[in-house]
Amino acid sequence: CQLNGLWRNDQDSLMEISVLRDNGDFQGQYLTRVTLSGSCAQISPLRGAQQQLGEEGWPTFAFTVRWDKFSNATTAFVGQCFVDAGGKEMLSTMWLLREAVGSLEEDWKATR
């Protein structure tokens, strides 16, 4: 299962991993169709790392996306890459989004 390439999620957002280094580090860009501000889709940088398992296995990975062009939030994703019975590569991920708030008292509403 190779992470590099173009990926589309259920919300029709796109992620492109354009650089996957031998040590597992990667970078690319994320084009989200879902925004906190309700604005148009924006491209944001992403950086991450893939666990190196060798030739076989289903690698785990993590990456962050900095939504700095239209939001004051950052999202961390963790997941694993699989290949289904038909040979299709698929990423299964979970995410946490952290939005900046103005005070410690507002901290409770900052993470989604």
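Out of the total accessible area of the stretch 5-100 (probe 1.4 Å, heavy atoms of protein only), what percent is carbon and sulfur?
Accessible surface attributable to carbon and sulfur in the stretch 5-100 totals 50 percent.
Relative to the Cα centre, what is the charge dipole magnitude of the chain, using +1 at the beta carbon of each Lys and Arg, -1 at the beta carbon of each Asp and Glu, and rounding to the nearest 20 debye?
With Lys and Arg at +1 and Asp and Glu at -1, about 280 debye.
So what's the Cα pair-distance distribution over the chain, bin width 10 Å, in %?
13, 43, 29, 12, 2
Under the Karplus relation 6.51 cos²θ - 1.76 cosθ + 1.60, θ = phi - 60°, what is the ordered set of whole-Hz ³J(HN,Hα) values for the stretch 59-64, x standing for Gly and Pro?
Here the 3J(HN,Hα) series is x, 8, 7, 8, 7, 10 Hz.
The values are calculated or read from the model by the stated rules, or taken from the named source; none is laboratory data. It should be emphasised that the depicted structure is a prediction, and the values quoted were computed from it without experimental measurement. Heads up, the Cβs are rebuilt from the backbone with ideal geometry, glycines too, and the neighbour counts pull from every protein chain shown. Ligands, DNA and RNA are stripped out before the accessible areas are found, and what is left, the full protein with its side chains, is counted by its heavy atoms. Shrake-Rupley method; radii C 1.70, N 1.55, O 1.52, S 1.80 Å.
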